[in-house]
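The structure appears right after this line, and notes come after that.
Quick note: the coordinates plus some simple rules give every number you see, no bench work behind them. Just so we're clear, the structure is a prediction, and the values are computed from it rather than from any experiment. In this analysis, Cβ positions are derived from the backbone assuming ideal geometry, glycine residues included, and neighbour counts consider all displayed protein chains.
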Amino acid sequence: MELSQQIKEHFYHPQNVGEIENPDGFGSINNPVCGDTTKLYLRIKDGLVVAAKFLSFGCAVTIASASVFTQQIKGKQISQLLSGSDEEVIQRLIHLIENRLGEIPLVKLHCPPATVQVFLDAISRYLQKEGEVTLSKRIERLIPLVSEYYKRGEEGV
């Protein structure tokens with residue numbers, strides 16, 4: 001299995017590794033396909049993601065996905081990341097990763113969706129703390145919908 005240069009770069013030199021003390025948003029996932037684990041920590045000010053860090057125990061694509069995703073969401077408004085239909089939001093978030101990692105082997109296409117799920121978990125928890133119950137519930141609904149993207153590698157799509 002050959003990995004793209006972008007995946008190798010983010011695996012060998014991951015960005016934003018670590019924890020944020022007392023994060024505004026925190027999420028974690030154990031990937032149901034492979035068992036990789038990822039924790040995501042967010043610092044949010046006035047709806048803007050000002051810092052994002054992760055810890056991951058997983059393969060090169062899992063680590064590269066979290067590395068590039070944390071780079072892509074920093075400086076973005078949560079409202080911008082979550083605007084549109086459920087499908088548009090999920091696709092936008094997955095594309096933030098996949099458009100920057102080059103070709104991902106079919107057997108590893110389950111890695112970027114797991115990163116998106118951990119982000120949605122962190123954002124949902126943040127919104128609950130902020131009293132944004134309706135939006136938090138919408139985000140919670142998205143988490144299982146992302147699971148459908150795990151199947152892409154199985155179907156050879």
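Per this entry, T38 is counted among residues that are closer than 18 Å to L142 by Cβ, buried (at least 17 other Cβ atoms within 10 Å of the Cβ) and touching a strand residue (DSSP E or B) at 6+ places or on another chain (Cβ under 7 Å).
Yes/no matrix, rows are residues, columns are (1) among the hydrophobic types (A, V, I, L, M, F, W, C); (2) farther than 15 Å from L145 by Cβ; (3) more than 8 Å from the chain's Cα centre (by Cα); (4) surrounded by fewer than 22 Cβ atoms within 10 Å (Cβ to Cβ):
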| site | (1), (2), (3), (4) |
| --- | --- |
| L81 | yes, yes, yes, yes |
| D86 | no, no, yes, yes |
| Q91 | no, no, yes, yes |
| R100 | no, yes, yes, yes |
| E103 | no, yes, yes, yes |
| V107 | yes, yes, yes, yes |
| H110 | no, no, yes, no |
| A114 | yes, no, no, no |
| L120 | yes, no, no, no |
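Scanning the stretch 84-113 for residues that are in contact (Cβ under 8 Å) with a residue 60 or more places away in the chain and touching a helix residue (DSSP H, G or I) at 6+ places or on another chain (Cβ under 7 Å) yields R100, L101, G102, I104, V107, K108, H110, C111. Evaluate the following for D86: is it out of contact with any Pro (no Cβ under 9 Å at 6 or more places or on another chain) and within 21 Å of T37 (Cβ to Cβ)? No.
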